[in-house]
1. Take the Cα atoms of the chain, build their convex hull, and give its volume per residue in Å³.
2. Calculate for the chain the 222 nm mean residue ellipticity that helices alone would give, adding -39,500 (n - 2.57) per DSSP H run of length 4 or more and normalising by residue count, nearest 500 deg cm²/dmol.
3. Classify segment 66-106 from the C-alpha gyration tensor, please: rounded if a/c falls under 1.5, else prolate or oblate depending on whether a/b exceeds b/c.
4. Looking at the chain, how many pairs of lysines come closer than 16 Å at the Cα, when each pair is eight or more places apart or spans two chains?
5. Test of understanding: what is the full-extension gain from SER111 to THR83, defined as 0.36 nm times their sequence separation minus their Cα-Cα distance?
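Values in this text are rule-based calculations from the coordinates and carry no lab data. Everything numeric in this text was worked out from a predicted model, so none of it was measured.
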Amino acid sequence: MPRRKNRPQAQEAKLEDERFELAHGGILRYEVWGHTQAGKTVVTRYNIAYINWRLCQKDNCRVLGYDKAHGAGHHRHYMGKVTAFDFVSYEQTVEVFEAEYQELLKKHGISK
């Protein structure tokens, strides 16, 4: 029987770590971990959040967020409540987050 070569495990690294302090007092936070496999980036963990203590005092002031950063599976944070969601891709999750964030700004009369 042929011997299998031990392939090294892909090393997870922080791929993105951005914090945007917004003029209206809120914060947008993007953290992404992953590795490269066969020339493609594989996202293994992420945390995307809109934080604003004026709108939400629960859940570390996280108004809206999506993450899979601490072993709880893919889930959504909204005004202190956490629910699971059907994950398709990181890119789609970012698109959904950004659309919901824009709607929140409109709903609360906040200019960018």
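1. 128 Å³
2. Dividing the helical sum by the residues of the chain leaves -5500 deg cm²/dmol.
3. It is oblate, given that a/c is not under 1.5 and a/b is not larger than b/c.
4. Here the count comes out as 4.
5. So the chain would gain 7.3 nm between SER111 and THR83.
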